[in-house]
Structures are given as C-alpha cells and as structure tokens.
C-alpha cells in the first residue's frame, strides 16, 4: 500500500505480498520466516525460550573469569565491596542484582547511584573518593564504567581493585581495571553484544557463583546452596525491557522467564509497586510502561535511590511508602513532561521543514525528561531528534533516532570533533553535554551527519506488515497462535496485521475524548471490535466518526489482542491506520 489515510507506506515483510490468507494456520510460520527463524530446531528454540537452552557459559565473555576471580577473592577475604550503578532502570536493576546476591552471602556491601542533575552518567571522582573513604576494597561498576578511564585509575591509586561490567560501546582504550566485562569490546567474541547492563551483571554473578563453589570448603557452601539465581530474573527482565534491548537470543529467555518470576510476586518491592500501578498480570507492556516509568521517575526528578531501596527492602511499610512516593513522582514527571512538550513541539514545528534532524534547546528545562521529549518528537516528525536544556553555560541533552541514523555514532563523532565534551549511547538513543556556545555548531553537525547517513533521502514513514488476511480470520484462535511468539519487544515486535473486508459499524469516542472504539462486520458473519488510541483529531478519526461512512468497507492496520471484559474473553483489534 503506497499511502494510507495517515500518509504512511505499508510495506509487506514477506515476498508473496499479494496473498491474502483466509485462515491463520500458516501465519506464524511466515512471520517467523520473515524474522529469520527457519527450520524445526530454530522454531522450537524460539517458541520455547528457556534459560536452560539459551544460557551460555559465562566464560565466553572476555575477562569474565578474571572478574569472577577478583570478586571471589574479595568475598572470601571479607572485604567491603561497592557497587556503582546508573540512575535508569537498567542501572538500578543491575545494582539490585549484585547487592542482593552479595547480601545473601553476608558480604559487607555498599552502593552508589549518581544523580542525573548533580553528577551525571557514569563514574565521577568525588563519588570514587567517598567510596574509598567508606572503606571499600573492591569497586564493581554495573551498566557504566567503560568510559571512566580516569576514574578507574583514580580508584586503583586509592588502593581499590576495580571490576567494570558494562554494555555501552567502549572508547579506543579500555579503562585499566582488574577486569573489564563488556560484550562490545572489540576483542570479545561471545556474540552477546545485545545484552543490557543487567544481563552482563547477571552473567557475572553466574560466573562468580560458580567460582565460589569451585573454591571448596570456604565457609559459604550453605549460603550458596540457598541461592537460586533464577529468582533474580525479575530484575533482569525489567532492566532488559526498559533499556529497549532486542528480545532475541538470551534476552528472550531472560524476559520470558523473568516475567514468570515477576508473576510469582516474590520480591516485596515489585509486588507492592505492581499493586500501586494496578498491574494484575506481568507483561512486557506492564514492565515497560507501568513499572519502568515509576522506577525511572526517581532518577529523572532527583535521586534514583528510592527505586533501588524499593527493590531491596524486606519491610512492608517501607515498601508501600516508597512505592507511593515513586507513583507520585511519576505523575509529577508526567506534568513536567507535558508542559515542556508543548514548547518543544512549537520549536520543532518551526524548524522541521526540509530537515533531516531536529535539535531543540531551551533554558532551564528539567533534564530528567529530555529523552522522553526527544522520543515524542522523533515519533511525530519521523526524524532523529535531540532535546536539551541550557543552564550556567552548559547544555545537557538526550536524543532518539529513527532507522537509518546511528545517533550514538554521531555523538561519538561530535566528541572527536570537539563539539561535545561528554556523551555516548546506542544507535537509537544517546546523551550529550556541550558548552552553550557550541549550540548552533552542534545543531549543524547533527543535521549534516543525519543527512549523510540517510544519503540525502528523508526518512520514509513506513510500517512493516507481518501478515494480511480477511477480517473474518481475526478471532481468538489467531490471538492464541500469535501469543506463541511472545515476549514481544525491541527486536521481536508484536505482529502488525492488515485486515481486509471489514464493513464499518458504529464508532464512538472514549477515554476523555482522545480515543475511539468501534467495530466492523466481517465476511465470516462475525463482529470484530476495535479500539484506536489517540486517533481523535487525526484523518483516521475524522473518517471513522463521520456517520456518512458507516457501512463503508475499510482495510485496517494494527495489532490483534485478547480482550477480557466482565469475564468474557474476545479478540479485539488495536487500530493504528486505515485505507479506504
């Protein structure tokens, strides 16, 4: 479909794109084929993502054995150990995994999460000094540290041993730590470079657990026997989902198993947070859009410490107090975000024409929501977007990118060019710091780099369609078949379907006037309900709400899900776009 009502191109993921399926029997096989999953062995592995099948020997990662040995030495000596994390969900859960494990062994362990506004991402000298002053003999970084060469050197000069565990892209020179575990090292051949920081931290604990057991009668045998590492996978799943890591390979097993652990409600803090957020059944969506934002809210507005304390507490009263605090902070974050979004959108709209990128910057915006605003602008304008706040002569910002533009590489090149003074990230997301007098230069650099990566062709608004079929085939049988492909997320998106032949019935507004609900009559003589979020005020919403279009046959694009209402389960289509 060259152009939909929303002006997007619908592109088929499969080669026989003209074929319309009247039954769902072979849809799952075609979807798997389009995602590179072929043959019985691959299909069975994908459809049954168990830790047993996917778990590698941690030693395949460079420096893993050295890291396990250094940490084991510290544990057996009774040294105080410091865990240094990050203020996002990946960093918080990475820290929680390590602290929980070391506490289970009875270790003397402390932790530090930097503040977003005061300290910024990664290691800093003052924090290292404080950790050394507290008596730590071993410093372990999680979800950070790979770019902290000077800070690692300082820690070692103060007499501490240092183990770096991270998943961010390293600089040319690695920090001179006792061990550097990072699957993105150029000399790491493990193929695990899709892991989140918490995934790397968990594998390090697996290696450490094995190392401690191999040391024989060391006084820890009983404690080690009482630890089930699978019970930590709720943390691993949360960090992996919220850091938008691809749900492939081991990540798929981490998330599939981790959601089951989350559903067992064993962790007090997460159990209470799910209750506060109204989550009855754990899912990727619930983790990414309900739990994650609440855990992130603390680090966005102030300190991430309350989020970590919630994950670690065994006190019910404290857990409820912290969960309510995070819930309120998340609402405050939403209010701040909405106010900034209005102004950022005005600025973006004034400059979006004929652009290959967006860069908006304003005085004294709250730095904790820059990434969220960048993501919203990226989605709206289909352009890589950077949003920044300026204060005291310094600009701090975050960016989100579209397919075809590696934003992390752009920030890395801006560092090399002397335009940015700090920064880093992934292809899809990055952060940066620059002097205020570099604002214009950075915007021009971003535009040139994006234009070059896109070869002078603006990003196309495309939607990849996994399958198309007659609307009569959209039923609970198909819902259950598609459910076998879960967990869905980055790298394994929920299948996008095109349904043909639906005859439009009644449509009404819901959800405070922003959303739609309606139904279509199908060739099978059934009625398929649909909902359309944020479609009021769009060309799709205008068409559907026009009474003159009742009984019009439309083609719908969206996702098919299970809907439960008053004890009745039925198929429901989540409508995103239409053609007429």
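Tabulated results
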| item | result |
| --- | --- |
| Single unsatisfied condition, residue 456 versus (1) surrounded by fewer than 13 Cβ atoms within 10 Å (Cβ to Cβ); (2) on the phi < 0 side of the Ramachandran plot | (2) |
| Filtered residue count, the stretch 274-294, keeping only those that are in contact (Cβ under 8 Å) with a residue 24 or more places away in the chain, under 14 Å from the mean Cα position of the chain (by Cα), more than 14 Å from residue 372 (Cα to Cα) and surrounded by fewer than 21 Cβ atoms within 10 Å (Cβ to Cβ) | 1 |
| Set 413, 466, 437: member being modelled with pLDDT of 90 or more and in the same structural domain as residue 30 (by TED's automatic domain parsing) | 466 |
| Subset tally (residues that are under 20 Å from residue 99 (Cβ atoms) and either in contact with a helix residue (DSSP H, G or I) (Cβ under 6 Å, 6 or more places away or on another chain) or crowded, with 20+ Cβ neighbours inside 10 Å (or both)) for the stretch 295-308 | 8 |
| Considering residues of the stretch 310-322 that are surrounded by fewer than 22 Cβ atoms within 10 Å (Cβ to Cβ) and touching a helix residue (DSSP H, G or I) at 6+ places or on another chain (Cβ under 7 Å) only, the residue nearest to residue 236 (Cα to Cα) | 312 |
| Subset of the stretch 239-251 (residues that are in a helix (DSSP H, G or I), at pLDDT below 95 and more than 13 Å from residue 93 (Cα to Cα)) | 249 |
| Test: residue in the stretch 326-334 that is crowded, with 17+ Cβ neighbours inside 10 Å and under 26 Å from residue 408 (Cβ atoms) | yes |
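To keep it simple, each residue is scored yes or no on (1) in the same structural domain as residue 471 (by TED's automatic domain parsing); (2) crowded, with 21+ Cβ neighbours inside 10 Å; (3) in contact with a strand residue (DSSP E or B) (Cβ under 6 Å, 6 or more places away or on another chain); (4) not in a helix (DSSP H, G or I).
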residue	(1), (2), (3), (4)
494	yes, no, yes, yes
500	yes, no, yes, yes
512	yes, no, no, no
517	yes, no, yes, yes
531	yes, no, yes, yes
537	yes, no, no, yes
542	yes, no, no, no
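The values are calculated or read from the model by the stated rules, or taken from the named source; none is laboratory data. Keep in mind the model is a prediction, meaning the values are calculated, not measured. Virtual Cβ from ideal backbone geometry, glycine too; neighbours counted across all protein chains shown.
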